[in-house]
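Have a look at the structure below, then the notes.
What follows is calculated from the coordinates using simple rules that are stated; it is not laboratory data. Since this is a predicted model, take the numbers as computed values, not measurements. Note: ideal-geometry Cβ built from the backbone for every residue, glycine included; neighbour counts use all protein chains shown.
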Amino acid sequence: MKKQNKNLPPGPSKLPILGNLHQLGTLPHQSLCNLSKKYGPVILLQLGKVPTVVVSSAEAARQVLKNHDLDCCTKPSLAGIGRLSYNYLDIAFAPYGNYWKEVRKICVIEFFSTKKVQSFRFIREQEVALLIDSISQSSLSAIPVDLNEKMMYFSASIICRTAFGKRFEGNEFDEGKFQEVVRDAMAMLGSFSASDFLPYIGWIIDRLSGLQGRLERSFLDLDGFYQHIIDQRLNAKETKHEEEQNITDTLLKLESNQTEINAVQFTQNHVKAILMNLFLGGVGTSAITVVWAMAELIRNPRAMKKSQEEIRNCVGNKGEADEGDIEKLKYLKMVVKETLRLHPPTPLLIPRETMSHFKINEYDIDPKTQVYVNAWAIQRDPDIWTSPEEFVPERFEDDIDFNGQNYELLPFGSGRRGCPGVYMGLITVELALANLLYFFDWKLPDGLKEEDVNMEELPGLAVHKKLPLKLVPVKYIAGHSKI
Ligand code: HEM
């Protein structure tokens, strides 16, 4: 098709060489939301050399993720992602094709299926008990608890035990570096590095800005961690019973059997790339969601009280909320939905790349175009949501689900590349939140008011809360709160 006959999506004018790169700002989902308010729900940008379409309405998202899912379900090649995924050998960033289909299928059967996730129930419940114990210590002396730190350790422990068969001790990374390593890796996976967009000179900019150094450090930290897991599993090989086998063992077996997937022999790099997805995909997202939920609840005492009453009435004197209680906690589920609406952990989902020509809203979309679905913008769209900036869990009384068919609520994405960890992520978040609210009343540290809680975001593929959320836990004793 000739260029002049094409009806390309609208967009802002471009600078030479940079195109629209300078308009991404530090939080691209917010900058892109502002651009879509001016130019419409489907916009075309030029990020250096890369044409990029951003969709920001539920209807346009439906066209991308449903009608044209197959046209745009491969992934762009980006420098940071290439390094951290051992050259796209993982699931999330692998190009569409037989390799991706096969490894996703193996991981769904061995790790993400409802049956497997349910079999990990005792691990989640044990880890929640440990989390509550450690917060109880702080409550004795009314010390504020850093919920970012607690939740990152909690979700790392669950992923390590379920996927790697070991507890997460924290000392796998140098002292205190664990949160930094995860946040840095997520920042690298979501970064717009100059070498991806600017031919010839990009790598020089990345070297001077320190991005390349950070990327290499991130890679080496994580590579050492995966190597340690692999060595441990190989050493424990002789002593393991069949029922103690986990997804890491399954992947290592593919390697030792010299299995070929898509005519390529499975190696330890393939194993490490998939471990990367399970670790980074699972740890940050669940932890971030609990932290944002607690930040919203402390700013909204009415919703906090309503949720606590529901949980405490349901659990009574039983001693803890277990997974059997979760289905009964309707308001808690609404709180989680409202949190994921306002704070989708990956606000631009994971970028895709088109494989063929198609149309959205009469606009021509070319092959090899990068596509972002701005879930953050859609989930705050005033045409869909009343008072979209306000935290109102009650808006979910008319059950909208995360089944990938409601394009106004997309925290897990949709279509072929949709998140396979929905059930695992949700049950982890709901169980942790239910127990945090059952066992404790929560106060802001002295001198802070509800409106002072900082809600700024940290840029990255997964958007963390910029400042740690520190709250004072006050142990609740069934029947009489100490407050
Ligand atoms: C609150 C929890 C979670 C949220 C909000 C979340 C969100 C997402 C999103 C938005 C995507 C991209 C979907 C798309 O582009 O359409 C994704 C993909 C993915 N997620 Fe999750 N996720 C969560 C939990 C998990 C967990 C617990 C794991 C693993 C332990 C996981 C592993 C993955 C993987 C492997 C993919 C790539 C799928 C593919 O490309 O085929 N996620 N997730």
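Key figures
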item: Mean Cβ count within 10 Å, highest first, over the residues of peptides 430-439, 466-475, 385-394; result: 430-439, 466-475, 385-394
item: Formal net charge of residues neighbouring Arg214 (Cβ-Cβ distance under 12 Å; K, R +1; D, E -1); result: -1
item: Mean ellipticity per residue at 222 nm, deg cm²/dmol - from DSSP H runs of n ≥ 4 across the chain, formula -39500 (n - 2.57); result: -14000 deg cm²/dmol
item: Rg(Cα)/(2.2 N^0.38 Å) for segment 317-403, N = residue count; result: 1.50
item: Local electrostatic count at Arg352 - Lys and Arg +1, Asp and Glu -1, tallied over other residues with Cβ under 14 Å; result: +1
item: Stokes-Einstein translational diffusion, the chain - Kirkwood Rh over all Cα pairs, 1.306 mPa s, 10 °C, in µm²/s; result: 68 µm²/s
item: Relative contact order %, the chain, counting alpha carbon pairs below 8 Å whose residues are six or more apart; result: 25 percent
item: Pairwise FRET efficiency - Ile204 versus Ser256, Cβ, R0 = 51 Å, nearest 0.05; result: 0.75
item: Neighbour-count order for Leu45, Leu21, fewest beta carbons within 10 angstrom listed first; result: Leu21, Leu45
item: Mean Cα-pair separation over length for segment 331-448, i.e. relative contact order, pairs under 8 Å, 6 or more apart, %; result: 27 percent
item: Alpha-carbon Rg with Dmax, taken over segment 372-483, Å; result: 17.3, 50
item: Peptides 182-193, 405-416 ordered by average Cβ neighbours within 10 Å, highest first; result: 182-193, 405-416
item: Alpha-carbon spread of segment 367-420, three principal axes, descending order, Å; result: 40, 22, 14
item: His228 versus Leu15: modelled label distance in nm, points set 7 Å from Cα along the beta carbon direction; result: 4.2 nm
item: Net length gained if the chain between Glu397 and Asn361 were fully extended (0.36 nm per residue, minus Cα distance); result: 9.8 nm
item: Kyte-Doolittle mean at least 0.5, axial Cα span of 30 Å or more - DSSP H helices of the chain; result: 268-299
